[in-house]
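The values are calculated or read from the model by the stated rules, or taken from the named source; none is laboratory data. Just so you know, these numbers come straight off a predicted model, no measurement behind them. Methodologically, a virtual Cβ is constructed for each residue, glycine included, from the backbone with ideal geometry; neighbour enumeration extends over all protein chains shown.
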């Protein structure tokens, strides 16, 4: 009888030890983080956001991306939650470059962000209309123009590439190149410093053009309902530097 009781106690203790090892305290916090990361934003949550809130969340997400500590997401569950509506936090105008996965670099999930993409991340009528829909109709709080290092479109505009429809597309970037007409250095795509300068100027020009050509977005920004900002993505580190 005593031996049976001893075995029972040992078994219970073993179960408790295994349970404690399987569910360390840190897993609770991790579970909570994953729970909130997998929730698709509601209209009420979107309404409470400010443009600065969105910038803060995107900066924090990018920090996790750089540190490779991204939160696990259940995309199948997010697809189901978002099926009947969307309430994104903002819209990003990015280059088409395959090395710049917009949602990933800000640790954003399904339903979190609108993304418009065109080589060289410049605005045109269609993209302006998309931005106006995102902000005025769908309630997004931020417009982010995202440039990046080693951009092929920027290099093509610098070198005056002549090739099919690419030529007319690159005309949209030429003002950023011409901005440095008095630059004394090597004004070719071989000069990485010059490419970087033009890429940053192109982001700045695009922001100015958005404000000039979209009275809707300009008024919303003046009223504090949205912010229109820029950013540069570092290909080597994954870090995004925001530029206001």
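If only residues of the range 55-66 that are closer than 17 Å to residue 91 by Cβ and at pLDDT below 95 are counted, the one that is surrounded by the fewest Cβ atoms within 10 Å (Cβ to Cβ) is 57.
Looking only at the range 107-138, residues that are at pLDDT 95 or above, buried (at least 17 other Cβ atoms within 10 Å of the Cβ) and in a loop (DSSP other than H, G, I, E, B) come to 6 in all. Within the option set 224, 156, being crowded, with 16+ Cβ neighbours inside 10 Å and assigned by TED's automatic domain parsing to the domain that holds residue 56 holds for one residue only, 156.
Residue-by-condition table, conditions (1) within 30 Å of residue 54 (Cα to Cα); (2) part of a helix (DSSP H, G or I):
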| position | (1), (2) |
| --- | --- |
| 147 | yes, no |
| 154 | yes, yes |
| 167 | no, yes |
| 185 | no, no |
| 190 | no, no |
| 201 | yes, yes |
| 216 | yes, yes |
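Residues in the range 129-152 that are in contact with a helix residue (DSSP H, G or I) (Cβ under 7 Å, 6 or more places away or on another chain) and over 21 Å from residue 242 (Cα atoms): 132, 136, 139. Assess whether residue 173 counts as being surrounded by 15 or more Cβ atoms within 10 Å (Cβ to Cβ), in the same structural domain as residue 65 (by TED's automatic domain parsing) and free of Cβ contacts under 8 Å to residues at least 60 places away in the same chain. Against the criterion (surrounded by 15 or more Cβ atoms within 10 Å (Cβ to Cβ), in the same structural domain as residue 65 (by TED's automatic domain parsing) and free of Cβ contacts under 8 Å to residues at least 60 places away in the same chain), residue 173 qualifies. Whenever a residue of the range 92-103 is in the same structural domain as residue 148 (by TED's automatic domain parsing), its partners that are part of a helix (DSSP H, G or I), lying with C-beta atoms within less than 6 angstrom and at least six residues away or across chains, give the pairs 92/102; 94/102.
Filtered by the rule that a residue be in contact with a strand residue (DSSP E or B) (Cβ under 9 Å, 6 or more places away or on another chain), without any contact (Cβ under 8 Å) to a residue 40 or more places away in the chain and not in a loop (DSSP other than H, G, I, E, B), the range 222-244 gives a lone residue, 241.
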